[in-house]
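The structure that follows is given in the form of structure tokens.
The values are calculated or read from the model by the stated rules, or taken from the named source; none is laboratory data. Remember, it's a predicted structure, so these values are computed and weren't measured experimentally. Neighbour counts are summed over all protein chains in view; Cβ atoms, including those assigned to glycine, are modelled from backbone coordinates with ideal geometry. The accessibility values were calculated without ligands, DNA or RNA, using every heavy atom of the protein model including side chains. Shrake-Rupley method; radii C 1.70, N 1.55, O 1.52, S 1.80 Å.
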Amino acid sequence: MNAFDPAIFVQLLVYGLTSGATIALSALGITVVFNMVRILNLASGDVFALSTVLSTVIVLELGIQPDSPPLLLYGGLLLSMLGGLAMGVLLNVLVERLAFRPFSATSRLAPLIATFGISFILYQLSLLWRVTLPSWVAGEHRSVPGVPEVPIDAIPELWPSRNLASLFGFGDVFVVESRALVLWLIALGAGLALSGMFRFTRFGLEMRAVAQNRELARMCGVPVERTVTRAFALGGLLAGAAAFVFVMHYARPFGQHGAQSGLIAFSAAVLGGVGSPMGAVFGGFVFGVAQSLSDFYLSTVWTPVLVYSVVIALLVLRPEGVAVGRHADDRATESERRDEVTAFMRASKNRWSGWVWSLPLALAVAYPAVAPLFGSALQSVFTAILIYAVLAIGLTVMLGYAGLLDLGYAISFGIGGYTAALLTDPYGKLYAWLGLHGQIDFLVLLAIAAAVAGLFGVLNAALTFRMRPDYLAIVTLAYGLIVRQLALVFSDVTGGTQGISVLPVPMIAGIALKDVNARYYLALALTAVIAVGAQRLLHSRAGRAFMAMGEDEVAAASSGINVNRYKGAAFIIGTAIAGVAGALYASSFGLVEPDMGDFRISMMVLAMVIVSGAGGVPGAVIGAIAISLYDRLAVPAIGDFLSRQSNGAIDIRQLSYLMFGLAVYLTVFFRARNRGAVR
């Protein structure tokens, strides 16, 4: 830790307040929207990020320089600002029309999942945009090899600035740029203006009425749908404004895209109190300062852990904010009925007949006999498909049975994999520290991996006792990001970004499964055992408890069911199954890496589950097979064909985020939108 120096501390405060001003502006946009619909828009970070990209591209395309003629300089900056504002408004209104309006009367989780899919679609657009920029060169160096990057092109510093500290004789001690002061004033001014609008304008009063009671507002003549759309447009306008000032201050676009990119701004809004503009500004400044101090006094690698820990603490302990009273309407119905989207999915559990099991099982058992005809590489693909099927079964227990959405589900998969790797890697530090000799039997390894992942499920389960479903999904997302970051922090044990490789093959009763067919049959046997166990669970006492509490928690509790206990049990069972899948992956392929816990894996497994209906084990297995075959076989085959036909101009293998985002969104759209008609 660095020694305390007052001058350095003041400088860190200045940097933190400057960063916090941008967070505050984004938080204001989230506050407007969240105050209306009480659901987090997971695509809000992408709206902000893409708006910064457009503002940057306009400056680059116009060739604006600090010494450009005034007409070009100021006219170009005006155009850049308008472009960012327009992009924010357009994308946010589009999100409202696609992800919120179709489900406004049916579900709370459906919009969250829908914006989850839209976030990945927008992320894919940012990657495609990167390729179109003139500064991009095929095969260029990347900060992380093999990982696509979003647009990060820098622009000249067009916002003149001077050190205001020099006016008071502190110029040699620390720096307070005039543009930083302008940014602080913009954030404060926007907060005050928004507060005044909420309190004194007709639009603000309509927004407050809709936020408090939508149906009563409609009866009083408030145009509810139009008010919600205008609120989303205003939120997008604020995101565009934040994007422009970010680009002008940092001379580059925002580089982090994806659903997690908006978590900090959302947390700032929650910290200041839901629906309080000045509270959101305060929260933004607090988070900015916290990040700045953590980067210097702790480490940049620890800052994400600290920030996401604060996110979790806020949503668990004070989801209504630290400075305001509780919003009764946020929780009035959360403990009563299951969310419509999961109820509809689960209702399809009995539509599968027994023959659906027999045919795939027969083909799976017979496959190794004909595998040489297709090449040895395909054997590993089908082993991976079976592992994904195990993951899908585990998530089905949580989402399909108990209605618990875990957006950080892949972390349990990674935990199981790393547990197996650390206990079998003869060159690893943990292996030596434990004094291990020889190789642990694979069945024992599975039990340990399941137990460790299950302990992580215990931590998640502790959150289910007091959280509404959409907040729980956000917390599990933050939880997963923390664990993945810790794997990078303790790189001397986990191998950092490289992971752990050259692991020994699984050994059962002293027999090493060196043959690829043997490992395939091992994966098939485990998949079958877990599938049968999960299916029997559904018809057990615990399964009936899951069903009852899913339909109506109050009725279930009145019947003597311990709702919290069974919610926790679902989390533990689901994460333990994911741990088994992780150990199987590590032993079958001989490596583990941080990407095992990546957000994309969680999204892929979620797509497998909801595409099949999230209602039962057969559907989960079939969904896993369908999406895995598409990802592992169809995409490479179609990609190679189109690449040859277009001389490399078209490569759909770069569109995986788009495809899975569409799969998640379209499935939720067609299921949840028609829920009322089905019931």
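Count, please, the residues in region 464-523 that happen to be among the small types (Gly, Ala, Ser) and in a loop (DSSP other than H, G, I, E, B).
5
If you go through region 443-480 one residue at a time, how many are open to solvent by 10 Å² or more (accessible area, probe 1.4 Å) and either more than 30 Å from Gly510 (Cβ to Cβ) or modelled with pLDDT under 80 (or both)?
10
From the set of residues in region 484-502 that are crowded, with 21+ Cβ neighbours inside 10 Å and of a type in the set (A, V, I, L, M), which is farthest from Leu314 (Cα to Cα)?
Ile500
For the list (1) at pLDDT 85 or above; (2) open to solvent by 50 Å² or more (accessible area, probe 1.4 Å); (3) among the acidic types (Asp, Glu), I need the number of the one condition that Asp172 fails.
For Asp172, the failing item is (1).
Per-residue answers, yes or no, for (1) in a loop (DSSP other than H, G, I, E, B); (2) under 30 Å from Gly204 (Cβ atoms); (3) open to solvent by less than 10 Å² (accessible area, probe 1.4 Å); (4) among the acidic types (Asp, Glu):
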| residue | (1), (2), (3), (4) |
| --- | --- |
| Ala27 | no, yes, yes, no |
| Ile39 | yes, yes, no, no |
| Ser55 | no, yes, yes, no |
| Leu60 | no, no, no, no |
| Ser68 | yes, no, no, no |
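A further question follows. How about region 191-208: which of its residues are within 31 Å of the chain's Cα centre (by Cα), open to solvent by 20 Å² or more (accessible area, probe 1.4 Å) and at pLDDT 90 or above?
Within region 191-208, Ser195 is the sole residue that qualifies.
Is it true that Glu149 is at pLDDT 90 or above, open to solvent by less than 60 Å² (accessible area, probe 1.4 Å) and farther than 25 Å from Tyr15 by Cα? Walk me through it before giving the result.
Numbers: at pLDDT 90 or above: no; open to solvent by less than 60 Å² (accessible area, probe 1.4 Å): yes; farther than 25 Å from Tyr15 by Cα: yes.
In short, no.
For region 531-620, which helices (runs of 4 or more DSSP H) that fit wholly inside it have 2 or more residues that are among the β-branched types (Val, Ile, Thr) and open to solvent by 10 Å² or more (accessible area, probe 1.4 Å)? Steps first, answer last, please.
Details: elements: 541-551, 553-558, 563-589, 599-611.
Result: 563-589, 599-611.
Same structure again: Inspect all residues belonging to region 184-202 and state whether any of them is in a loop (DSSP other than H, G, I, E, B) and in contact (Cβ under 8 Å) with a residue 12 or more places away in the chain.
Scanning region 184-202, I find no residue that is in a loop (DSSP other than H, G, I, E, B) and in contact (Cβ under 8 Å) with a residue 12 or more places away in the chain, so the answer is no.
Can you tell me which of (1) open to solvent by 10 Å² or more (accessible area, probe 1.4 Å); (2) under 25 Å from the mean Cα position of the chain (by Cα) is the one Gly273 doesn't meet?
Status for Gly273: all satisfied but (1).
Every residue, every condition in (1) in contact with a Leu (Cβ under 6 Å, 6 or more places away or on another chain); (2) at pLDDT 85 or above; (3) not charged (D, E, K, R), yes or no:
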{"site": "Ala557", "(1), (2), (3)": "no, no, yes"}
{"site": "Ala581", "(1), (2), (3)": "yes, yes, yes"}
{"site": "Ile601", "(1), (2), (3)": "no, yes, yes"}
{"site": "Ala607", "(1), (2), (3)": "no, no, yes"}
{"site": "Ser612", "(1), (2), (3)": "no, no, yes"}
{"site": "Ile622", "(1), (2), (3)": "no, no, yes"}
{"site": "Tyr630", "(1), (2), (3)": "no, no, yes"}
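Name the pairs whose Cβ atoms lie under 6 Å apart, with the first residue in region 6-24 and closer than 17 Å to Met248 by Cα and among the hydroxyl-bearing types (Ser, Thr, Tyr), the second surrounded by fewer than 23 Cβ atoms within 10 Å (Cβ to Cβ) and modelled with pLDDT of 90 or more, and 6 or more positions between them or separate chains?
Listed pairs, sorted by first residue: Tyr15/Ser292.
Could you list all residues from region 423-441 that are part of a helix (DSSP H, G or I), surrounded by fewer than 24 Cβ atoms within 10 Å (Cβ to Cβ) and in contact (Cβ under 8 Å) with a residue 12 or more places away in the chain?
Selection gives Leu423, Lys429, Leu430.
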